[in-house]
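Please treat every number below as a calculation from the coordinates, not as lab data. All figures in this text were calculated on a predicted structure; none of them were measured in a lab. Neighbour counts are summed over all protein chains in view; Cβ atoms, including those assigned to glycine, are modelled from backbone coordinates with ideal geometry.
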Amino acid sequence: MPKTILGIITARGGSKGIPRKNVKELAGKPLIAYTIKAAKESGVISRLILSTDDREIANVAKQCGAEVPFMRPAELAQDTTPHLPVLQHAVNWLRDNENFVSDYVMILQPTCPLRQDFHIRESAELMEKINADSIVSVSEIPQHFNPHWQFLIDAENHLQIFTGEPFSQIVKRRQELGKTYTRNGAIYLFKTELLFRSEPTFYGDDVRAYPMEQKYSVNIDSMEDWEEAEKALLRHNR
């Protein structure tokens, strides 16, 4: 029997950095439309729902093809609200009200509009192949930001290598640096059961990477990010 994946788009109304960013037009479409399109065209999402407290975002998402089966409670839409209780609420609501329980959950943040349908499909195929607890999308960190070339400064202005090695062992040549990665926010795919462990999580113990090219890895948090994403989308659509 095929495994089911519940796609959850999280988009509250009170964004501060870029007001109303989820419905603001990016290269001619509402920001949230890019995530909905990629998810639906991936062919691997069993249900795609939006969790929001905002009626306008809900209406735009419905027009773009996402389900909005409930409105998120205000107490789960604060500046300081973490993702975990939002996901638990969504999964519990679908179980209690529609008797729907998926094998996996995929968090799809609308702030990653360059994510493509094949990224979603490939991460699902990877999960089917390796059966990990979770898969997290990452992008490679530029070498000059490698932690072996990063430093800490203490209260007395002493310089320390971030990774703790003495300066006598500092990596001298760029070619000797190993590759390092950062989460890019585009995909979090995990077993639904992880949300309801005694210590809830959406990572688990066996976390695997889904590397993405840097050109797809913009995560919009500022106007600079917005402008970078818009330029990339306009280039792609020419």
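The alpha-carbon of Lys29 sits under 12 angstrom from the alpha-carbons of these aspartates and glutamates, leaving out residues fewer than 8 places away in its chain: Glu230. Sorting the segments 120-127, 142-149 by their residues' average number of neighbouring beta-carbon atoms within 10 angstrom, most packed first, yields 120-127, 142-149.
Excluding same-chain neighbours fewer than eight residues apart, the lysines reachable from Lys24 by a Cα-Cα span under 30 Å are Lys16, Lys37, Lys40, Lys62, Lys215, Lys231.
Between His236 and Ala27, the contour length at 0.36 nm per residue exceeds the alpha carbon distance by 74.2 nm. Secondary-structure-derived ellipticity at 222 nm for the chain, considering helices only, amounts to -9000 deg cm²/dmol, per-run term -39500 (n - 2.57) for DSSP H runs with n ≥ 4.
If a spin label sat at a point 7 angstrom from the Cα of Glu140 along the line to its beta carbon, the backbone N atoms of segment 175-192 nearer than 13 Å would be those of 175-182. Taking 0.36 nm per residue of sequence separation and removing the Cα-Cα distance, the Glu224/Leu84 pair yields an extension gain of 47.6 nm.
Of the residues Ala66, Ala232, Asn92, the one whose Cα sits farthest towards the positive end of the charge dipole of the chain is Ala232 (charges of +1 on Lys and Arg Cβ, -1 on Asp and Glu Cβ, taken about the Cα centre). Would you please classify the overall shape of segment 108-184 from the alpha carbon gyration tensor, given that a ≥ b ≥ c denote the square roots of the eigenvalues, rounded means a/c under 1.5, and beyond that prolate means a/b larger than b/c while oblate covers the rest? Note, shape of segment 108-184 comes out prolate.
Under 15 Å from a label point set 7 Å out along the Cα-to-Cβ vector of Ile18, the amide N atoms of segment 186-227 belong to 186, 216-227. Under the classification rounded if a/c is under 1.5, otherwise prolate if a/b is larger than b/c and oblate if not, where does segment 172-232 fall, given a ≥ b ≥ c as square roots of the Cα gyration tensor eigenvalues? Since a/c reaches 1.5 but b/c is at least a/b, the shape of segment 172-232 is classed as oblate. Once the Cβ-Cβ distance of Gln63 and Tyr181 is raised to the sixth power relative to R0 = 41 Å, the FRET efficiency obtained is 0.70. Using the average count of surrounding beta-carbon atoms within 10 Å as a protection proxy, the listed peptides 176-187, 77-88 rank, highest first, as 176-187, 77-88. Model label points for Glu125 and Asn97, set 7 angstrom from Cα along the Cα-to-Cβ axis, are 3.5 nm apart. Extension gain for Phe196-Asp117 works out to 25.6 nm (0.36 nm per residue, less the C-alpha to C-alpha distance). Shape call for the chain from the C-alpha gyration tensor, a ≥ b ≥ c root eigenvalues: rounded (a/c under 1.5), prolate (a/b greater than b/c) or oblate? Prolate, since a/c reaches 1.5 and a/b exceeds b/c.
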